[in-house]
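Notes follow the structure.
Read the figures in this text as sums done on the coordinates, not as results from a lab. Keep in mind that this is a model prediction, so the values were computed, not measured. Methodologically, a virtual Cβ is constructed for each residue, glycine included, from the backbone with ideal geometry; neighbour enumeration extends over all protein chains shown.
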């Protein structure tokens, strides 16, 4: 090798090594905090990520993606993120708001006529149900903030991926509301799926294509999908739940989805159907923490990011007790900081214990990726142990 080529090779190697140290260096304190949970069989494995709005500080993997096969968890493992899909759907809606194609105050029936004439259940006794016309129709804001009165799912849905969004929307429009719109908070997959169907109608393209073109490709989220390909299936972490004795783990499936997971006949679920990686979700969170900008390109307006991550539910959540609230597809804090684009911590969890959180006060994004339908022993404390180790090391 010539001196010149050798010099270039050495320089490239040094740059790659430095980049690896800056962006993907493992954090011993995080691994040390989680390893006891793996050894006690209360946590199968986890991928954790800590980031600022500029870069990933550390990404770590502990334990096993497949216990029986002794397959180690790796940082590129995929996970069913379940309801962590909701903030992504919220972002897609706000792209259309920014383009002037809809308003969150618009009634749903403006775009989905099957919702016209929807009734609200005001009394029920045995086989007798009393319905009446609601004081106002449900709005896009209602469906994104879980104040619409729609149930969690319709009677037509046994699994969350059985219907097309058009079919699901029709089933929601035929379902009586549980309460007057805007008067209560009731967590509802049906509401977020309705928002997904509105995206299809307004954009003129399938929901999943709109998300791919307007969010995932732009951010570089190459592993975020409803339908895993053959290669991604090899990186999917197995799911676990407590055994009958509650003293160990046993393998389970994602019981809300239809198998095989690469079957394109499965319907998309904007409320809870996505698979993703920690690195992909970090890209999404950094875009939000930067006020809707990624690599100098604006994806969503700053005003829309603030609306999504601001509490829209007032005192409705938990009857006003505590600090929790809900924005537009995001779980929020009712503690507001008017100087920050994101007024307070915001994020979302998923049914199999995944979680992402943006904390502007600490200046950190934390992502917790596991596949657990419950934990035996003290496994439920593992995420808290991760957060403490991350904050102790990296918080401002």
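Observations on the model:
- Nearest 10 degrees, 0 to 90: helix 189-203 Cα axis against the chain principal axis: 90
- Considering all C-alpha pairs of the stretch 45-122, those separated by over 21 Å amount to 60%.
- Residue among 344, 380, 45 with the largest mean-square fluctuation in a Gaussian network model of the chain, springs linking Cα atoms under 10 Å: 380
- Principal-axis analysis of the Cα atoms of the chain puts helix 28-39 at an angle of about 70° to the longest axis.
- DSSP beta bridge pairing in the chain, given as percent antiparallel to the nearest 5: 95
- Its alpha carbons give the chain an Rg and a Dmax of 22.0, 88 Å.
- Highest-MSF residue in the chain out of 106, 295, 60 [GNM, Cα springs under 10 Å]: 295
- Cβ-based exposure ranking for 362, 286, 136, in which fewest neighbours within 10 Å come first: 136, 362, 286
- Per-peptide average of other Cβ atoms within 10 Å, ordering 110-116, 197-203 highest first: 197-203, 110-116
- Angle in degrees between helix 3-24 and the longest Cα principal axis of the chain, rounded to the nearest 10: 50
- Report summary: the helix-based calculation at 222 nm, which adds -39500 (n - 2.57) for every DSSP H run with n ≥ 4 and divides by the residues of the chain, gives -9000 deg cm²/dmol.
- GNM top mover of 281, 96, 128 - the chain, alpha-carbon springs below 10 Å: 128
- Here the stretch 198-233 and the stretch 312-335 have alpha carbon centers that stand 29 Å from each other.
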